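Asks: If you scroll down you'll find the structure; I have some questions about it.
Readers should treat all values here as calculations from the given coordinates under stated rules, not as data from a laboratory. Just so you know, these numbers come straight off a predicted model, no measurement behind them. Cβ placement follows ideal geometry from the backbone for every residue including glycine, while neighbour counts extend to all protein chains displayed.
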There are 2 protein chains.
Amino acid sequence: MQSSIYLNSVGVVRKSADKVLIEIFDEFTDALLGLDGFSHIYVFYWFDQNDSAEKRETLQVHPRKDPDNPLTGVFATHSPQRPNLIALTLCKIGSIIGNKIQIEDIDAYDGSPVIDIKCYIPGSVLDADVRLPDWV
Amino acid sequence: MQSSIYLNSVGVVRKSADKVLIEIFDEFTDALLGLDGFSHIYVFYWFDQNDSAEKRETLQVHPRKDPDNPLTGVFATHSPQRPNLIALTLCKIGSIIGNKIQIEDIDAYDGSPVIDIKCYIPGSVLDADVRLPDWV
């Protein structure tokens, strides 16, 4: 049975000509304590520009918008059209000043709602053990 | 400014003595097309047992519940107490039959709501470039 879940954004992506910032809202700044010990973070944001019933009902796409790629289920892609519009990007931290995390880059728009940040800890998956389809 | 966001679960974690399954709800099964080309997936689920105001207001924890670890902001951890209760685990696929993905293991409870699945594509971050705090 489906259950409905509520999120609140915890910050916002700020992109300008010379820098990319994750700006965390004041009430969540305490959640950044110790983040400066890490070099990389996972940034979770929301594909808010696709928050329509039509785009959330899209279950299959041609990956990378290339019609030569086979029709593929969105759970087998990182498509910005999917039932829950969660985006995940691994980012390198430049600096953290107050509630602002400067990062090298992110494939989000200026103004995208940030919904979570997690530290990046390298895992135990070896590249040699990873299998990928041809379109990747 | 905060924005409120709605998710619907797309499936559920099923754990039994002999196997671990991600069971995708029928209406989302088409989103699995082509997933069998991948060896690993990111499973996004919801820490539903912590969905209380108190636990969602927890901004700092001692990582791994070890009081010897320094008090740390939840965004610098993978703590199951955080403003948005998103869990992320990288899982190895065993088999995919219909709407059921058998995986090796997941640090979720039986019944945890699944909110997204994404294919795993190895990234370009080299372990040598990763910096971590002492508690990790």
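Asks: Which order do A:Trp135, A:Trp46 fall in if you start with the one that has the fewest other Cβ atoms within 10 Å?
Replies: Working: A:Trp135 16, A:Trp46 22.
So the ranking, lowest neighbour count to highest, is A:Trp135, A:Trp46.
Asks: How many nanometers, to one decimal and shortest first, lie between the label point of A:Lys15 and those of its other copies, if labels sit 7 Å from Cα toward Cβ?
Replies: Label point to label point, same position, other copies: 3.9 nm.
Asks: Tell me the distances, shortest first, between A:Ala53 and the same position across the other copies, using label points 7 Å along Cα→Cβ, in nm to one decimal.
Replies: Those separations, rounded to one decimal, come out as 3.3 nm.
Asks: Continuing with the same structure: Summarise the partner chain shielding of B:54-65 as one whole number: the mean count of Cβ atoms from other chains within 10 Å of each residue's Cβ.
Replies: Numbers: counts 0, 0, 2, 1, 2, 7, 5, 2, 0, 2, 0, 0.
Per residue, the number of nearby Cβ atoms from other chains is 2 on average.
Asks: Using a 10 Å cut-off around each Cβ of peptide A:24-30, what is the average number of partner chain Cβ atoms that fall inside? Display every interim value, and only then the final one.
Replies: Details: counts 2, 3, 0, 4, 7, 3, 7.
Average neighbour count from other chains, rounded to a whole number: 4.
Asks: Can I ask one more? Would you tell me the mean number of C-beta atoms belonging to other protein chains that fall within 10 Å of each C-beta in A:84-93, as a whole number?
Replies: 4
Asks: In straight Cα distance, which lysines are under 16 Å from A:Lys118, not counting same-chain residues fewer than 8 positions off?
Replies: Once the sequence-local lysines are set aside, what remains near A:Lys118 is A:Lys92, A:Lys100.
Asks: Nm distances between the label at A:Ile121 and the same-position labels in the remaining copies, 7 Å along Cα→Cβ, shortest first?
Replies: 2.7
Asks: Oh, and also: Could you give the distance between the Cα centres of region A:1-66 and region B:73-121, to the whole Å?
Replies: Value for the Cα centre distance between the two parts: 17 Å.
Asks: Along Cα→Cβ, 7 Å out, is where each label goes; now give me the distance between the ones at B:Tyr109 and A:Arg14 in nm to one decimal.
Replies: 3.9
Asks: Students often forget the sequence filter, so: which aspartates and glutamates lie under 20 Å Cα-Cα from A:Lys19 once same-chain residues fewer than 8 apart are removed?
Replies: A:Asp36, A:Glu104, A:Asp105, A:Asp107, A:Asp110
Asks: Under a cut-off of 16 Å between alpha-carbon atoms, report the lysines in cross-link reach of A:Lys65, not counting same-chain residues fewer than 8 places apart.
Replies: A:Lys55
Asks: Which value, in Å³ per residue, describes the convex hull spanned by the Cα atoms of region B:43-136?
Replies: Values: hull volume 12.4 nm³, N = 94.
Spelled out: Cα convex hull of region B:43-136, divided by residues, is 131 Å³.
Asks: Counting helices only, and only those DSSP H runs with n ≥ 4, report the 222 nm mean residue ellipticity of the protein assembly as shown as the sum of -39,500 (n - 2.57) divided by its residues, in deg cm²/dmol to the nearest 500. Walk me through the numbers on the way to the answer.
Replies: Working: 2 runs with 8 residues, N = 272.
Dividing the helical sum by the residues of the protein assembly as shown leaves -500 deg cm²/dmol.
Asks: Would you mind classifying the protein assembly as shown by shape? Square roots of the alpha carbon gyration tensor eigenvalues, ordered a ≥ b ≥ c; an a/c under 1.5 is rounded, otherwise it is prolate if a/b is larger than b/c and oblate if not.
Replies: Because its axes are fairly even, with a/c under 1.5, the protein assembly as shown counts as rounded.
Asks: Using 0.36 nm per residue of separation minus the Cα-Cα distance, give me the extension gain between B:His78 and B:Asp134 in nm, one decimal. It would help to have the intermediate numbers written out before the result.
Replies: Numbers: separation 56, 0.36 × 56 = 20.16 nm, distance 1.56 nm.
Here the answer is 18.6 nm.
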